[in-house]
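Novice: Just passing along the structure, written as structure tokens.
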Amino acid sequence: MTEAVKPPKKPRGKASLLEGKCIACGARCQSVCPVDAIIMNEAGEPIVDTSKCIGCVKCVKVCPVQALEMAFTAEEKRILEELAKSSAGAAVEAAEEDPEEAALRKRLSVYRGVWVFVEQTRGEAAKVSWELLGKGKELAEARDCELAAVVMGENVEELCRQAIGYGAKKVYLMDGAVLRDYRTEAYSRSVCKLVEKYKPEVILMGATGLGRDLAGVVATELSTGLTADCTGLSIDTKGNLMQTRPAFGGNIMATIICDKYRPQMATVRPHVMPMPDFDASLTGEIVREQAAVTEDDIPVKVLKVMMDGGSSDVDIAGAEFIVSGGRGMMAKENFSMLQDLASVLGGVVGASRSAVDAGWMPPDRQVGQTGKTVRPKVYIACGISGAIQHLVGMQDSDVVIAINRDPEAPIFQVATYGIVGDIFKIIPALTEKLKALKASRSR
Ligand SMILES: Cc1cc2nc3c(=O)[nH]c(=O)nc-3n(C[C@H](O)[C@H](O)[C@H](O)COP(=O)(O)OP(=O)(O)OC[C@H]3O[C@@H](n4cnc5c(N)ncnc54)[C@H](O)[C@@H]3O)c2cc1C
């Protein structure tokens, strides 16, 4: 008689700090550790006592900036790989859990893959979709699963090739007249049809007007969770998407997980994630599917499409140089001073919410939590205090220059260069200097 070989126990790993990522948020990791395996050093960073760590992942989950990860020895990695390959992996895990947990794991285990919805208007993709493919690739690699794009519209096959160039291994294409213009019902039912058939673990969409509408309806239809406006995404070993976003008026960063439902859905604003490189040599598979509806099923008809005639034709979200003004500008007419500086730089003028609320600038120029997220090469903040709701919209700019007469203004904490002084003296002087510099170079 042969004895059944007991499968190896799944290694849990030990928590480990990623160098340079900790923001000393206040020892949240230490407070959740059930075995006191974490002590904080003088810089407020955790030191993990690996002899005590039990691999419960609580510190990793609570970290708002994904500065902690689970580290495995070479032998543990080998066992994990083996378990992942064999169906025994799921069985081992299930056997270790209580029956309810095991049933949950079983239900969730059929979901696999990371999807990015490619938003398009008349065949032109929204850049945020490509940014999400960059992040999606990272998540798919961490889960060792496939990155796929979903393309819907009419005559949009070219977008599939673009999606592949940005990293998608597979593209689900629904091409037809019924999907020419975005309509909630046509798109949401079609996305749900794909999800029910192929069961992805994660779906990402841009936090644009379209993406917010579609993601909300799809999540409701599928009875799953959706986290809007994420600023950070990572994934743990169980496949839980760590969705970080500002909460409570932007005063804290919360990491949200949806551990009981799949797919996990998140929206991310444009310019929050970096743009990946395009590689025309990449290859991938295009899977064609029929839309879930016909024209007769949809009561909403598109009679005429009017392209955005909004309050201004400036897209601050895509600008490389932004000169932003806040309440310190004192009056609407003073923004012409910022426009002069922006023009010399070849940039645009943005604003804080206070400036927008005062009617000095149109709402589409607002930077921040309830405005736009920007990621320019240079962001010049003029008379802006640096409230957290403003910072979340601009802190990933390559270079931040802050001009403020209050040396204690929080904007200086995120500034690459800070100028303490009166904007009404500094900005004209800066503009003149730059004009002179440009003139001397063109000579
Ligand atoms: C839910 C919620 C969402 C929000 N969303 C956003 C958002 O998307 N974007 C946003 O910006 N805000 C947002 N806010 C508002 C935010 O909390 C702040 O009130 C706002 O950002 C402050 O704008 P400000 O910096 O222009 O004004 P203030 O905070 O009043 O700062 C003005 C600054 O100008 C400086 N100053 C004045 N005169 C001069 C001078 N002559 N020279 C130099 N410096 C000078 C002052 O020292 C001061 O630091 C939100 C708030 C909430 C509650």
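The values are calculated or read from the model by the stated rules, or taken from the named source; none is laboratory data. In this text, all values refer to a predicted model and were calculated from it rather than measured experimentally. Positions of Cβ are generated from backbone atoms using ideal geometry, with glycine treated the same way; all protein chains shown enter the neighbour counts.
Novice: If you go through region 301-315 one residue at a time, do you hit one that is within 20 Å of the chain's Cα centre (by Cα) and surrounded by fewer than 23 Cβ atoms within 10 Å (Cβ to Cβ)?
Specialist: The answer is yes; a qualifying residue exists.
Novice: Anything in region 25-43 that is surrounded by 13 or more Cβ atoms within 10 Å (Cβ to Cβ) and assigned to a loop (DSSP other than H, G, I, E, B)? List them, or say none.
Specialist: The answer is CYS25, ALA27, CYS33, ALA37.
Novice: For region 357-371, enumerate the residues that are within 8 Å of the ligand (Cβ to nearest atom) and of a type in the set (A, V, I, L, M, F, W, C).
Specialist: VAL367
Novice: For region 104-222, list the helices (runs of 4 or more DSSP H) that sit wholly inside it and hold at least 3 residues that are over 22 Å from the mean Cα position of the chain (by Cα) and surrounded by fewer than 19 Cβ atoms within 10 Å (Cβ to Cβ); which are they?
Specialist: In region 104-222, the matching helices (runs of 4 or more DSSP H) lie at 157-165, 184-198.
Novice: While we're here: If I go through region 190-214 residue by residue, how many of them are more than 17 Å from TRP130 (Cα to Cα) and at pLDDT 95 or above?
Specialist: So the answer is 13.
Novice: Right, something else. Just one of (1) buried (at least 21 other Cβ atoms within 10 Å of the Cβ); (2) within 21 Å of the chain's Cα centre (by Cα) trips up GLY350, so point out which.
Specialist: GLY350 satisfies all of (1) buried (at least 21 other Cβ atoms within 10 Å of the Cβ); (2) within 21 Å of the chain's Cα centre (by Cα) except (2).
Novice: Mind listing whichever residues of region 230-289 are hydroxyl-bearing (Ser, Thr, Tyr) and either buried (at least 16 other Cβ atoms within 10 Å of the Cβ) or in the same structural domain as PRO376 (by TED's automatic domain parsing) (or both)?
Specialist: Selection gives THR231, SER234, THR237, THR244, THR255, TYR261, THR267.
Novice: One residue is enough: does region 408-423 have a residue meeting the conditions among the hydroxyl-bearing types (Ser, Thr, Tyr), in the same structural domain as ALA387 (by TED's automatic domain parsing), buried (at least 17 other Cβ atoms within 10 Å of the Cβ) and away from the ligand (no atom under 11 Å from the Cβ)? Spell out the reasoning first.
Specialist: Taking region 408-423 first, the residues among the hydroxyl-bearing types (Ser, Thr, Tyr) are 416-417.
With the extra rule that they be in the same structural domain as ALA387 (by TED's automatic domain parsing), the set shrinks to 416-417.
In the following step, the residues that additionally are buried (at least 17 other Cβ atoms within 10 Å of the Cβ) were identified as none.
Looking through region 408-423, none of the residues is among the hydroxyl-bearing types (Ser, Thr, Tyr), in the same structural domain as ALA387 (by TED's automatic domain parsing), buried (at least 17 other Cβ atoms within 10 Å of the Cβ) and away from the ligand (no atom under 11 Å from the Cβ).
Novice: Scan region 391-407 for residues that are within 8 Å of the ligand (Cβ to nearest atom) and either among the aromatic types (Phe, Trp, Tyr) or without any contact (Cβ under 8 Å) to a residue 40 or more places away in the chain (or both) and report the count.
Specialist: Result for region 391-407: 3.
Novice: Still on this model: (1) under 30 Å from GLY239 (Cβ atoms); (2) outside any strand (DSSP E or B): which one isn't true of VAL287, the others all being true?
Specialist: Unmet for VAL287, out of (1) under 30 Å from GLY239 (Cβ atoms); (2) outside any strand (DSSP E or B): (2).
Okay, residues lined up against (1) touching a residue at least 40 places away in the same chain (Cβ under 8 Å); (2) basic (Lys, Arg):
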| position | (1), (2) |
| --- | --- |
| ALA317 | yes, no |
| ASN334 | yes, no |
| ARG353 | no, yes |
| ASP357 | no, no |
| GLN366 | no, no |
| ARG375 | yes, yes |
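Novice: Return yes or no: is VAL374 more than 8 Å from the ligand (Cβ to nearest atom), outside the structural domain of GLY209 (by TED's automatic domain parsing), under 24 Å from the mean Cα position of the chain (by Cα) and β-branched (Val, Ile, Thr)?
Specialist: yes
Novice: If you take the residues of region 424-436 that are within 13 Å of the ligand (Cβ to nearest atom) and of a type in the set (Val, Ile, Thr), which of them is nearest to VAL272 (Cα to Cα)?
Specialist: Only one residue fits best here, namely ILE427.
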